[in-house]
Amino acid sequence: MTAVQVAAGWSVVAAALIVIGAAVAAGALDAAVDPRSRTVSLSARLLRPVWETSRLLLAQRRATTAADGLLASAGSVLPLLIALAMVAVVPLGDRVVAAPTVGLVWFNAMDVVLWIAWWLAGWGPNSVHPLVGGYRFLAQALAYELPLMFALTAPAVAAGSLSVPDIVTAQQQVWFVAQMPIAAAVFIGAVAAFSLWGPFAHPAGTDIAGGVLAEQPGPARLLVRLGQYALLVVGSAMAVALFFGGGAGPVLAPWAWTVIKTAVILAALVWLRHRIPVWRPEKLMRTAWLVVLPVTLLQLLAVSILTVAGAAA
Amino acid sequence: MSAAGIAVFAALAVIAVAAGIAVFVVDSMARATFALAMSFVAVGGELVLLTLAYLGVVTILMMVMEMAIMVIFMVMFMMNPAGLMPMSMLHNKRGALAISVGTFALLAAGALAVPWPARRGVVPAPAQTTRAAGEAIMGGQMPVMVGISAVLFATIVSALMLAVPHGRYDHAPRDARSPHDRGLHDNAGHDGTHHDGTHHDGTLHDGGDWR
């Protein structure tokens with residue numbers, strides 16, 4: 001496998017289009033495997049992104065009293081923008097838009113900006129249910145963020161670098177998922193958590209009328225939904241780069257392997273969405289701090305010992 | 001630094017100061033909080049331009065998270081916990097203004113007046129600037145600092161585990177809960193379909209798009 005190289009400047013646009021296209025495909029897959037849509041024909045389900053887009057674009061605008069329009073708009077736009085900012089450091093095969101020395105920290109900083117994004121989406125409309133959803137997200141974020149950070153630390157320690165291309169290169173012998181399966185699982189779980197997905201959808205729960213999504217008028221809701229799927233896509237692609245060898249694989253081109261592996265992780269996340277009950281923040285908090293965090297720290301310790309022993313040998 | 005670099009640096013500097021001023025001008029707790037976050041993000045950008053990529057990105061990460069944590073304190077301690085009503089962000093107006101302007105003037109004067117040393121040795125490669133900055137600040141004490149950070153974090157986690165044996169909702173005996181609450185609580189116990197045939201097993205699921 002060749003090393004990951006920085007692609008030409010126009011790749012910014014290409015990366016954005018790929019992410020949005022993959023997000024739409026993930027939306028179609030979600031419709032196809034949604035158990036509540038079994039009565040609808042498969043072709044109609046696969047076209048759900050098209051129906052949903054037209055419905056939301058044509059939906060009547062509604063406004064809440066004394067909403068903070070600026071902050072509410074920021075909350076609607078930020079999830080998609082953050083996904084696009086993240087993808088700059090995520091390699092596709094042997095190409096990447098940008099290869100900063102601290103790409104991993106950049107990804108982490110962008111997922112932290114989601115704290116603000118989801119809270120603003122809840123706070124902006126000046127309405128009870130979104131507000132409850134926004135605060136639920138902060139509680140959830142307190143639970144998943146530290147395990148996520150230590151899960152990100154493990155591949156960085158093993159590769160001895162915060163640069164994503166270096167981490168991909170360090171997996172030429174063996175994929176990191178074999179060395180640090182817990183970190184990989186925690187990372188993929190955190191991707192679902194920061195995307196408000198499946199068991200982590202409590203901030204957008206049906207018990208609070210959709211929470212942070214409740215008062216998003218048509219086009220804003222479209223942006224948020226697109227952002228959610230884009231975050232899942234970028235998170236899955238990052239998991240491939242960090243734990244599943246990036247573009248490594250036989251016969252096919254590196255970009256094809258990245259796409260295949262990303263699609264598998266993404267499909268698993270989408271399939272699990274309606275099949276795992278929602279996890280309330282206080283339960284999540286207890287499990288995250290008393291079980292997941294210590295286990296992730298032990299994983300990091302094991303990785304560190306292996307790395308030091310490997311360097312000494 | 002190239003001319004474009006200097007232009008970006010100047011723009012970020014203006015954003016940082018303007019957002020800092022906005023903190024005291026806006027009448028909403030949320031806007032003040034995130035104006036402050038934006039100010040720090042601009043400062044993080046300045047650090048990245050000064051080739052301290054790690055410190056710059058970590059500044060953005062820490063400050064954004066800190067502002068979100070402040071929002072949690074807002075709901076805990078404020079009389080208007082949601083922060084939805086317009087309210088003045090100013091307490092001790094004159095004192096605060098004097099302290100802020102004084103600090104700014106002092107730091108700006110310091111930055112301009114200090115005789116900065118000339119660069120000694122070679123410029124480290126981009127990947128080495130983090131290590132170089134760490135060694136310049138901590139020197140031989142770096143292993144101690146790294147050790148202390150692990151101990152501090154372990155202390156925080158253990159203190160939490162000792163201080164909060166139960167969650168907020170865990171005091172009531174199990175049977176006192178409503179069936180709805182139990183359904184939310186137990187992941188097991190899927191007992192068939194709902195009378196209307198929809199996917200409903202007493203648990204809450206991700207909402208989906210059909211709404």
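The values are calculated or read from the model by the stated rules, or taken from the named source; none is laboratory data. Computed from a prediction, not measured in an experiment: that's the story for all the values here. Here Cβ is always computed from backbone atoms with ideal geometry, including for glycine, and neighbour counts include all displayed protein chains. Calculation scope for accessible area: heavy atoms of the full protein, side chains included, ligands and nucleic acids excluded. Shrake-Rupley method; radii C 1.70, N 1.55, O 1.52, S 1.80 Å.
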Inset, instruction - Looking at (1) away from chain B (no Cβ under 11 Å); (2) under 30 Å from A:Gly211 (Cβ atoms), find the lone condition where A:Gln172 falls short. - result: (2)
Inset, instruction - Among the residues of the stretch A:1-49, write down those that are part of a helix (DSSP H, G or I) and of a type in the set (Lys, Arg). - result: A:Arg36, A:Arg45, A:Arg48
Inset, instruction - Could you please let me know if A:Ala248 is in contact (Cβ under 8 Å) with a residue 12 or more places away in the chain and either out of contact with any helix residue (DSSP H, G or I) (no Cβ under 6 Å at 6 or more places or on another chain) or not polar (S, T, N, Q) (or both)? - result: yes
Inset, instruction - Quick one: which residue in A:Ala183, A:Ala230 is crowded, with 24+ Cβ neighbours inside 10 Å and either among the polar types (S, T, N, Q) or under 22 Å from A:Ile167 (Cα atoms) (or both)? - result: A:Ala183
Inset, instruction - Answer yes if at least one residue in the stretch A:82-100 is in a helix (DSSP H, G or I), surrounded by 23 or more Cβ atoms within 10 Å (Cβ to Cβ), within 12 Å of chain B (Cβ to nearest Cβ) and touching a residue at least 60 places away in the same chain (Cβ under 8 Å), and no otherwise. - result: yes
Legend entry - Cβ-Cβ under 8 Å pairs, at least 6 apart or on other chains, the stretch B:48-71 side at the interface with chain A (Cβ under 8 Å from one of its Cβ atoms), far side surrounded by 22 or more Cβ atoms within 10 Å (Cβ to Cβ) and acidic (Asp, Glu): none
Inset, instruction - Being farther than 14 Å from A:Ile167 by Cα and of a type in the set (A, V, I, L, M, F, W, C) is the filter; apply it to the stretch A:101-113 and report the residue that is surrounded by the fewest Cβ atoms within 10 Å (Cβ to Cβ). - result: A:Val113
Legend entry - Residue ID - nearest to B:Thr103 (Cα to Cα), chosen from residues in the stretch B:5-16 that are surrounded by fewer than 14 Cβ atoms within 10 Å (Cβ to Cβ) and of a type outside the set (Gly, Ala, Ser): B:Val14
Inset, instruction - Would you mention how many residues in the stretch A:260-300 are over 26 Å from A:Ser37 (Cβ atoms) and either more than 10 Å from every other protein chain (Cβ to nearest Cβ) or touching a His at 6+ places or on another chain (Cβ under 7 Å) (or both)? - result: 13
Inset, instruction - Working only within the stretch A:141-178, note down all residues that are open to solvent by 10 Å² or more (accessible area, probe 1.4 Å), within 17 Å of A:Ala309 (Cβ to Cβ) and assigned to a helix (DSSP H, G or I). - result: A:Val157, A:Ala158, A:Ala159, A:Ala178
Inset, instruction - Check off (1) open to solvent by 60 Å² or more (accessible area, probe 1.4 Å); (2) in contact (Cβ under 8 Å) with a residue 60 or more places away in the chain for A:Glu52 and give me the number that stays unchecked. - result: (1)
Legend entry - Tally of residues being at the interface with another protein chain (Cβ under 7 Å from one of its Cβ atoms) and within 16 Å of the chain's Cα centre (by Cα) across the stretch A:101-121: 8
Inset, instruction - Please enumerate the residues belonging to the stretch A:186-201 that are open to solvent by 10 Å² or more (accessible area, probe 1.4 Å) and either of a type in the set (Gly, Ala, Ser) or within 14 Å of another protein chain (Cβ to nearest Cβ) (or both). - result: A:Gly189, A:Pro199, A:Phe200
Legend entry - Single residue of A:Val4, A:Val13, A:Val24 found to be within 26 Å of A:Ala267 (Cα to Cα), β-branched (Val, Ile, Thr) and exposed (fewer than 14 other Cβ atoms within 10 Å of the Cβ): A:Val13
